[in-house]
């Protein structure tokens, strides 16, 4: 039994070390474990690693996900584990030759056209600092029951108020609560200094009921019912109405090379409801999207990333245009009618590890909206590009610094264009 525990501890250490490098901006120091009502157990390395391994097995890995906390509290029998962690994160931004009026590099916010007033700015942003809490309870044959809460300080009009980001419960493959949409492949983008990340990412929060199942060593599938959040440009004669059907995202995923590489095919299906004033009736249009994504480790130091997404009525799932009213818009063929607009996005990225302390990443992304049936509103978003080059240094296992250059463009349907350049730095301390 002792040999088995030591082997588990060794495997835990390997997984923790490898997984720790997969995402840059998180804690890379081994957690401190405290046992309630049991003196001396903290000195038993096998028990400590068993607790860390249990916690690590519940982590969803990928872009903007938290890793291991610095502090974990466990019961004497390890049937209850509680982790508390967080980070202090400060970004310093300098925009030149075109600016974005936001701490995040959101290309849909690029002024079109630019002017001397929107040429330069400096921004400091500590609002992505946050706290997270996770409780893990042993539930016999059902496996662990996981409760998770994550916050940051981006609430309120001034973005300095504590705000709920994620809150969910997991048990036996089911997840209930608020987290990133099931449609998003969190492993399909490299880390960026920019909190927002690639403009074409489907990195949006949803409240959901999800079921995920793993088949053998390589395959996993998931399906969910998620709270809809339509983004519609209503025309005279139409107005908003309560949604009557959840969105349904699904995916199938294949992983290999100890899950350091994967490919994933995702889809989402939705009905978007609206009210027709003249008919005094509720109508809906069908939206759908497909996405192919993945990450491939090409050698010991290099990892490549990619994503391609296309659909109709799915602007709410592309973070750059989620609030632009481009799920549904006017149908020029019929006065007072709405139509779904086609949209697509793409991401290409890489991450290179020069050493355990120095990591470089780069990402190129784009989003395009198609004006179906001659839909052409002059100041409406048509296409945007995002480019990010990043360099990170691990000052300590818990503290990272980084620098980045970002470039973005936005072109509207009348072919007017704006662009922005940003130099960005970050200091982040994880606990």
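Given the structure, is residue 237 over 25 Å from residue 166 (Cα atoms), in contact with a strand residue (DSSP E or B) (Cβ under 8 Å, 6 or more places away or on another chain) and surrounded by 17 or more Cβ atoms within 10 Å (Cβ to Cβ)? So residue 237 does not fit the description; no. Taking (1) over 27 Å from the mean Cα position of the chain (by Cα); (2) under 17 Å from residue 409 (Cα atoms) in turn, residue 139 satisfies each apart from (2). As a summary of the residue check, residue 279 satisfies the conditions (1) at pLDDT 95 or above; (2) more than 21 Å from residue 206 (Cα to Cα) except for the one numbered (1). In the stretch 93-127, the qualifying residues are those that are assigned to a helix (DSSP H, G or I) and in contact with a strand residue (DSSP E or B) (Cβ under 9 Å, 6 or more places away or on another chain), and the one that is farthest from residue 378 (Cα to Cα) is 118. Each residue in the stretch 54-79 was checked for being in a helix (DSSP H, G or I) and within 20 Å of residue 398 (Cβ to Cβ), and 2 of them qualify. Flag: residue 398 does not match the condition of being free of Cβ contacts under 8 Å to residues at least 12 places away in the same chain and either farther than 30 Å from residue 131 by Cβ or surrounded by 16 or more Cβ atoms within 10 Å (Cβ to Cβ) (or both).
Considering the stretch 79-101, the residues that are over 30 Å from residue 424 (Cβ atoms) and either surrounded by fewer than 22 Cβ atoms within 10 Å (Cβ to Cβ) or at pLDDT below 95 (or both) include one that is nearest to the chain's Cα centre (by Cα), namely 82. For residue 154, the stated conditions hold: it is under 18 Å from the mean Cα position of the chain (by Cα), modelled with pLDDT under 95 and either assigned to a strand (DSSP E or B) or under 24 Å from residue 24 (Cβ atoms) (or both).
The condition of being surrounded by fewer than 16 Cβ atoms within 10 Å (Cβ to Cβ) and either at pLDDT 90 or above or over 26 Å from residue 128 (Cα atoms) (or both) holds for residue 76. When the criteria are applied in full, residue 230 meets the requirement of being at negative phi, assigned to a loop (DSSP other than H, G, I, E, B), crowded, with 19+ Cβ neighbours inside 10 Å and in contact with a strand residue (DSSP E or B) (Cβ under 6 Å, 6 or more places away or on another chain). Just so you know, in the stretch 25-46 the residues that are loosely packed, with under 14 Cβ neighbours inside 10 Å and outside any loop (DSSP other than H, G, I, E, B) include one that is farthest from the chain's Cα centre (by Cα), and it is 43. Against the criterion of being part of a strand (DSSP E or B), touching a residue at least 12 places away in the same chain (Cβ under 8 Å), under 16 Å from the mean Cα position of the chain (by Cα) and buried (at least 21 other Cβ atoms within 10 Å of the Cβ), residue 208 qualifies.
To keep it simple, each residue is scored yes or no on (1) part of a strand (DSSP E or B); (2) within 21 Å of the chain's Cα centre (by Cα); (3) under 17 Å from residue 105 (Cα atoms); (4) modelled with pLDDT of 95 or more.
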residue: 385; (1), (2), (3), (4): yes, yes, yes, yes
residue: 390; (1), (2), (3), (4): yes, yes, yes, yes
residue: 393; (1), (2), (3), (4): yes, no, no, yes
residue: 402; (1), (2), (3), (4): yes, yes, yes, yes
residue: 405; (1), (2), (3), (4): yes, yes, yes, yes
residue: 408; (1), (2), (3), (4): yes, yes, yes, yes
residue: 411; (1), (2), (3), (4): yes, no, yes, yes
residue: 414; (1), (2), (3), (4): no, no, no, no
residue: 419; (1), (2), (3), (4): yes, no, yes, yes
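None of 174, 133, 183, 105 is touching a helix residue (DSSP H, G or I) at 6+ places or on another chain (Cβ under 7 Å), within 30 Å of residue 316 (Cβ to Cβ) and at pLDDT 95 or above except 183.
Counting the residues of the stretch 251-268 that are assigned to a strand (DSSP E or B) and either surrounded by fewer than 17 Cβ atoms within 10 Å (Cβ to Cβ) or modelled with pLDDT under 95 (or both) gives 5.
The values are calculated or read from the model by the stated rules, or taken from the named source; none is laboratory data. Everything numeric here is computed off the predicted structure, so don't read it as measured data. Cβ sites come from the backbone with ideal geometry, for glycine too, and all protein chains shown count toward neighbours.
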